[in-house]
Structures are given as structure tokens and as C-alpha cells.
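Just dropping this structure here.
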Amino acid sequence: MPPFDDTNKPSIPFLPDEDDNNSLVSSDVMKTVEEIVTQLNFCLSGTLIYPLAHPAVNKAVSGTMEVLTPFIGNHTNLILNFVNEEVLFRGESVLDGSHLAQQFYKLFHEREVFGLVINRGLVAEELKGLIAIFREGSRDDKPTLEALIPMMNNRNITHITLQAPPRNKSMQSGSRFEIARTIYEKGSRLLESSTMDSVDSKRFDVQSVRPVVQELIDSLMEDESALLAVTSLKNFDNYLYNHCMNVCVLSLCFAMYLKLEHHWLMEIGIGALLHDIGKIRLPMDILHKPSPLTESEWKLMRQHPVEGARMIMHSRYCTELPMMIVFGHHWRPGADGYPVTKRNIHLHPIVAMVSVCDCYDAMTTSRPYGRVYLPSGALTTIKQTSGTQYDPEIISFFEKMLGPYPIGSLVKLDTGDIGIVLRHNQEDVHRPHVKIMQDANGNLLTDIVIHDLTEKDDDEAQYLRSIVSSVDPATVSFNVWECL
């Protein structure tokens, strides 16, 4: 195992300043990105007059790698998006729409490419291969993304990804909840498939789940509430993979709530998604045992963080933070936790962030044995561990992020109606938007009625409706998912 007790903890920003509403991109970082874009633009368009083997092309590639390699070494990857004739890095314009930026934008837009991701591990031959591919086609008929992807595969370009246009909401079929569930279920199936491929080899290809995490990030940035609602739909039949997906979504939401820099989202998402990967090394009769585990069985169960870290540590795409998350999500400073270590270890607070999300989802999900909590009860119980198992500040932020009535949960109003929480109210977390499903007499409603609980009477003196309690989904006669 790697030395998790290294006192030089990774430099990862955690809690933002309350009054810091400025750019999340430092001027030094943006200056480096602009230099990279300038070099890439020259590689892809400024060397066209030279044959691919010409020294001028090699010099351009070397110049690009010289500035690009240390950047992705420190940041894991470089993600550029092409929107409205601008090149964007973490939502900010690169080179402020200059002629060079427009030229670089056009290179990708005319090929129907809307995003460029360059990952750690890139070698010069891959960049040279991309130059060759971008030279394909005539001036007015260049290969588009659909043709570019197999061309990149043929040249073994594995550290550069070209992205498709963002999903067009007006072209989508179904509600935003159906779309979110499709993304969720596809990710769960891919995770299960990738995991099963790792059972015999005892190694896990971290790269295989990057598309899952990226799509979750994109979906959350587009509509956080829909995907959060899907995590409330618990499915015991596929507990392990659904739990991993839920913890990933919750952890990403937590990171976004704390305004962590964008490039850390992938690291956090991979670690959260794979936090329980070591459980596939356990005997199935222990993993699915319908009664409490014996002491010897618990001894095996407590090894899953170590087994998981061993599975991913040899992946060329695995970085330190995901491995820390997998290894340390059950470790508690000064409290009962595992794995037990002979030396003091120093885990980044982000590990504890994921650990709280893991604990919350496990408590609110039906399992073969163990009490199932309503969201409010789970939060109350977790708060009782403040200062012993978890840092009080992390718990406080988690509660503020999730709210007392999480999206997708059921609530009863003082009118007697029962409904589903659809959206949070940022001004007052106790007054979300609620879709009414059942009236005070127990009758199911057929017409859609959504109440904003901030609504007051004509005199603006009293609220028209208020939440009086959470409701156990098992006690109602309607299917929560079908009602979203």
C-alpha cells in the first residue's frame, strides 16, 4: 500500500471564503491555459504548410508539451469548451475572444466538436496523431466528431477526448427526472460491467468510469435537483452499485455547494463512485447476508477499503485523492473505524466529505438488516457524531447542502396533504417546492398541483402551507418515482 501517512497532504482547496464571489480561476492558471491554447492552435493550424515529419512540426509539438505536461500533471486534466464562438476554461473566456481564440474555436466547431479534454499521461505522439487527423478532409468537408473518434482510436490516442454538443433540452423526450434517471441507470450499468471485469484480475481500470463521472457532473451542472431526486429512489436489488452512484452524486453536489474548483470534481467523483469497489472481493454470502455479520465476517468486511485501494492503485489513471477516498472512507480520527493502522495517517478533509455522504445514503437505504432512517432522522443521527466521528464543520455544510427535506423526499403539510419535494428554496430551506400527491382524506390527486411553500395569505401575515413532518415512502399507496 502507498504511504497514506505522508504529512505533505495534497494541496486541495476545501472551504471557500464566505465573501469570495470572484473568479475561481487564478490569473496565473489562466495565463498558462492561454499559453497552452496558443501553442495548440499553432500545432493544429499553423503547421499546415509543413509535412508531418518536418522539424517545424516537431518543434511545435515539443513547445506545446513543454507547457502542457506540467499543467495536467498538477491539475489531472485540461478541459476546454467551445460555446458561442468562445473558448472557455472553467466557464471563463480564454484570450477574451481574440482573433487567435476565434481561430481555435473554429478548428473544433467546424468539426462539430464542443469540448476538448486532455488527460494526464499524454505523450507527444498522441498530439502528433491529433495534428494528422485534423489535416484530414478538404477545406469545405472536414471529418466531424463521429468520424474523428474511430480515427483517434486507430492512432491509439487515449489521453485526448473530443466531446459532443451539450444535450439540447428542447430536443429531449420525457421529463427532466426521466432524463436524470436514464443517466443514472446507464452509469450504474457501466459501473457494474467495469467492476465485473475486475473480479478475476484484482485490478480496476479507473479510466473506464471517467465517462460516468463526467456525465454526472454535466447533468448536475445543468439540473442538480433532478439527479438528487433519483438518489432518493432506493433499490435493494442492486444495492452496491446504486449506493456507489448515490454517494458519487451526493459527493459531487457537496463539492459544488462548497464551490471547489472544477478540476477537483472528477477526482472526487471517481473516489466516491469507487469507494466500495473492494466489496466485490468479498464472498457473496457475506455481502448479501440477511442477518447481522459474525465477528469473523466483520473482520473480512473491514478489509474492503484496503482491497479497494489495492485494486485501483496500479491503474495508470489513478491519482492520490481517489485512492485516499477508497482507503479512508470508514476511517475515523480518534473513534472506532477501519482499517486499523499502526501509524497515524493524515487524510484530506475531502475524504470525510465523501464519508458523510456514504453514511447518509447507507442509513436511508433498505438493506438486508439494519434500521432504515428517514432523511431527517439520518441527519439528526449524523449530527450526534459531530466532534467524535466527523468534523462539525463538514456536518454543518452537509446539512445546509441537503436541507432538512431533501429533493425527492415525502413530506406532510399542515393542511394534511402529502407531497414530494421537487426543489429547494435557497432563502428558506424549510419552504421548498412540493408536488401534492395525496389530499388530507387520503385521496390520490390526478391533477398536478405544485405549491411554493413561501406563499402567504393576502395580508402577507401567515404562510398558506407549512411542512409538519417527513413521510416514510413505505406508508403511502403511490409510487414516488412515477409521480416525479
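For T415, enumerate residues with amide H under 5 Å from its amide H, sequence gap 5+ or separate chain, H modeled in the peptide plane.
S466
If each DSSP helix of 4+ residues adds -39,500 (n - 2.57) and the sum is divided by the residues in the chain, what number results at 222 nm, nearest 500 deg cm²/dmol?
-13500 deg cm²/dmol
On a full-extension model of 0.36 nm per residue, what is the gain between R139 and T446, subtracting their alpha-carbon distance, rounded to one decimal in nm?
Extending this stretch completely gives an extra 104.8 nm.
What does the extension gain come out to for S396 and W298, with contour length at 0.36 nm per residue minus their alpha carbon separation?
32.2 nm
Using the Cα gyration tensor of the range 27-163, with a ≥ b ≥ c the square roots of its eigenvalues, what is the shape: rounded (a/c below 1.5), prolate (a/b larger than b/c) or oblate (neither)?
Rounded, because the longest to shortest axis ratio a/c is under 1.5.
Can you list the DSSP H helices in the chain whose Cα atoms extend at least 27 Å along the helix axis and whose mean Kyte-Doolittle hydropathy is 0.0 or higher?
Going by DSSP H runs, the hits are 55-75.
List the residues, sorted by chain then number, that are 5 or more residues from R423 or on another chain and whose placed amide H is less than 5 Å from its amide H.
H433
Under a Cβ-Cβ cut-off of 15 Å, what is the net charge of the residues other than A229 that fall near it, where Lys and Arg count +1 and Asp and Glu count -1?
Once positives and negatives cancel, what remains is -2.
Here's a follow-up. Using a Förster distance of 25 Å, how high is the FRET efficiency between N425 and T475, based on the Cβ-Cβ distance and rounded to 0.05?
About 0.45, to the nearest 0.05.
Multiply the residue separation of K202 and D218 by 0.36 nm, subtract the distance between their alpha-carbon atoms, and state the gained length in nm to one decimal.
Result for the pair: 2.7 nm of gain on full extension.
Projected onto the charge dipole of the range 173-402 (+1 at Lys/Arg Cβ, -1 at Asp/Glu Cβ, origin at the Cα centre), which of G328, H262, S219 gives the Cα projection farthest towards the positive end?
G328
Moving on to the next point. Can you put C244, C483, C318 in order, fewest other beta carbons within 10 Å first?
Final ranking by Cβ density, sparse to dense: C483, C318, C244.
Straight-line reach from K234: which aspartates and glutamates have Cα under 13 Å away, leaving out those fewer than 8 places along the same chain?
Within reach: E185, D361, D472.
With a cut-off of at most 16 other beta carbons within 10 Å, and DSSP calling the residue loop, which GluC sites (Glu not before Pro) in the range 395-484 qualify? Please list them.
Within the range 395-484, the qualifying GluC sites (Glu not before Pro) (loop, at most 16 other Cβ atoms within 10 Å) are E427, E455, E460.
Just rank L265, L300, fewest to most, by other beta-carbon atoms within 10 angstrom.
The most exposed by this proxy come first: L300, L265.
What's the exposure ranking of E215, E125, going from fewest to most Cβ atoms within 10 Å?
E125, E215
Between Q102 and T454, what is the FRET efficiency for a Förster distance of 51 Å, r being their Cβ-Cβ separation, to the nearest 0.05?
0.70
I would also like to ask the following. Where the only charges are on Cβ atoms (+1 Lys, Arg; -1 Asp, Glu), what is the dipole of the chain about its Cα centre, to the nearest 20 debye?
Approximately 1820 debye in magnitude.
FYI, it's all coordinate maths here, none of it is from the lab. Note that the structure is a prediction, hence the values are computed from the model and not measured. We place every Cβ from the backbone using ideal geometry, glycine too, and count neighbours over all the protein chains shown.
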